Amino acid sequence: VPAVVGHAILPADLDSLKAEAARCTRCGLHAGRHQAVFGNGQTASPDWMVIGEAPGDHDDQVGLPFQGAAGRLLQLIFEASGLAPHASFYYANAIKCRPRGGRVPRKEEIEACLPFLQAQIEQIQPRAILVLGWLAAEALLQEKGDIEQLRERVHTYTAPHGRIPVVVTYHPAALLLRGRHKAQVWRDMQLARQLKDSAPES
Ligand code: URA
């Protein structure tokens, strides 16, 4: 049975959804991609679905998210803050195709890709979501706002199958670029850990 998400009809299983993303031409980004970067990790109710912005050059070549410097920093952050290795993860992006030159995705590109993200969440059914950066936060929560206003609290994403807690923090690429916000990310990871520790085991 196809899933109707955000007015778009998309396949109702993860493999077909991935195949649909691979041939998607709903926005101009398809012209510049080597391949769509759909997602990677534990697909059956992981503790965390981590949602970034868009694939970078390396991700676009390899076909997997977070293969570059931001992904390496993210792993270090998870290990240092104690979130890993005790949790399972699935990684995806708000935008599935690389914007050329690493430019910020446009509004129409974000909107075109959102049904894929929503359908992906519905298939994966993560126990919690960690959103990296303002762009993915705005797309997922449909809430405009400075990242400072979105972090340090637990949001709720309402999926067809139920409500999912959402924690928002800075994108690791922002840490790499500016080196600020480390203390904030550290606090957000503690919030994420507390959320996991307080969640009932399945
Ligand atoms: N690579 C990704 O897959 N996502 C990001 O947000 C950044 C780099």
Go ahead and estimate [θ] at 222 nm for the chain from helices alone: -39,500 (n - 2.57) per DSSP H run with n ≥ 4, summed, over the residue count, rounded to 500.
-12000 deg cm²/dmol
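All other residues with a Cβ under 14 Å from the Cβ of F89 taken together, and with Lys, Arg as +1 and Asp, Glu as -1, what is their net charge?
+1
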Given a Förster distance of 25 Å, the FRET efficiency implied by the Cβ-Cβ spacing of A44 and R178, rounded to the nearest 0.05, works out to 0.10
Proximal lysines relative to K107, as straight alpha-carbon distance under 17 Å, when same-chain residues fewer than 8 apart are discounted:
K96, K144
Test item: Cα-centred dipole of the chain, Lys/Arg +1 and Asp/Glu -1 on Cβ, debye
440
Which of P46, P160, P65 fluctuates most in a GNM of the chain (C-alpha springs under 10 Å)? That residue is P160
Mind telling me which of Q120, Q75, Q35 comes out most flexible in a GNM of the chain, alpha-carbon contacts under 10 Å?
Q75
Under the rule rounded for a/c under 1.5, else prolate if a/b exceeds b/c, else oblate, using alpha carbon gyration tensor axes a ≥ b ≥ c, the chain is classed as oblate
Yeah, segment 100-202 with a ≥ b ≥ c from its alpha-carbon gyration tensor (a/c under 1.5 is rounded, else prolate when a/b outruns b/c, oblate otherwise) is oblate
Contact order relative to length of segment 3-198, as percent, for alpha carbon pairs under 8 angstrom and 6 or more apart:
24
If you count the DSSP beta bridges with both ends in segment 3-198, what percent of them are antiparallel, to the nearest 5?
45
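For a test of the definition: using alpha carbon positions, the gyration tensor, and the 1.5 limit on a/c, classify segment 1-92 as rounded, prolate or oblate.
Note, shape of segment 1-92 comes out oblate.
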Residue farthest toward the positive end of the dipole of segment 3-198, with Cβ of Lys/Arg at +1 and Asp/Glu at -1: which of G101, T169, Q190?
G101
Taking springs between alpha-carbon atoms closer than 10 angstrom, which of E109, E148, E138 fluctuates most in the Gaussian network model of the chain?
E148
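Where a number appears in this text, it was derived from the coordinates with a stated rule and is not lab data. Just so it is clear, the structure is predicted and the values come from calculations on it, not from any experiment. Please note: Cβ atoms are built from the backbone with ideal geometry, for glycine as well, and neighbour counts cover all protein chains shown.
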